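Chemist: Once you've had a glance at the structure underneath, I'll fire off some questions.
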Amino acid sequence: MTMLRIITDAETLLAGFAYPSSAQGRIVAAWRHKALEIALTPRAMARLAEGMTRLGRAAGWPPLQVCAMVNAVALQVIRLGSDEVIGPAPSGEGKAVHRELPRGAACVVTHDETVLAQDLGVRIVTPGDFWAAYG
């Protein structure tokens with residue numbers, strides 16, 4: 001049986017770790033229970049590591065625990081090969097969303113309004129819409 005694969009961003013995963021009862025939290029729980037696969041770009045993985053460091057500091061975790069959690073996540077996600085930016089980039093930074101979904105990927109899940117507003121030729125949904133459809 002093949003698992004559902006999604007591409008997401010660091011902010012969605014961080015919200016899922018911080019708020020387990022939210023739609024993002026349910027997506028993270030489904031991923032941790034191996035019900036779906038999550039694919040991240042290298043840029044999203046770097047942002048996730050930065051965000052988890054801030055989250056760990058706020059929660060009072062020791063640095064080694066934060067590092068172990070980042071490493072555990074890095075081992076479990078599917079890493080995409082490039083950081084191809086699509087569409088106009090806000091403040092010149094850009095969002096890492098692929099023009100074509102990798103084989104087996106159902107959609108891009110994000111709550112970033114700049115990405116949601118663009119017509120990029122790939123299916124882009126909010127975490128709430130994704131959970132309503134697949135949860």
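Every number in this text was worked out from the coordinates using simple rules, so none of it is lab data. Remember, predicted model here, so these are calculated numbers, not experimental data. Glycine also receives a Cβ, built like all others from the backbone with ideal geometry; neighbour counts cover every protein chain displayed.
Chemist: For TRP31, TRP131, what's the fewest-to-most ordering of other Cβ within 10 Å of each Cβ?
Modeler: TRP131, TRP31
Chemist: Using 0.36 nm per residue of separation minus the Cα-Cα distance, give me the extension gain between ARG57 and GLN76 in nm, one decimal.
Modeler: Length gained between ARG57 and GLN76: 4.6 nm.
Chemist: Multiply the residue separation of HIS33 and CYS67 by 0.36 nm, subtract the distance between their alpha-carbon atoms, and state the gained length in nm to one decimal.
Modeler: 10.1 nm
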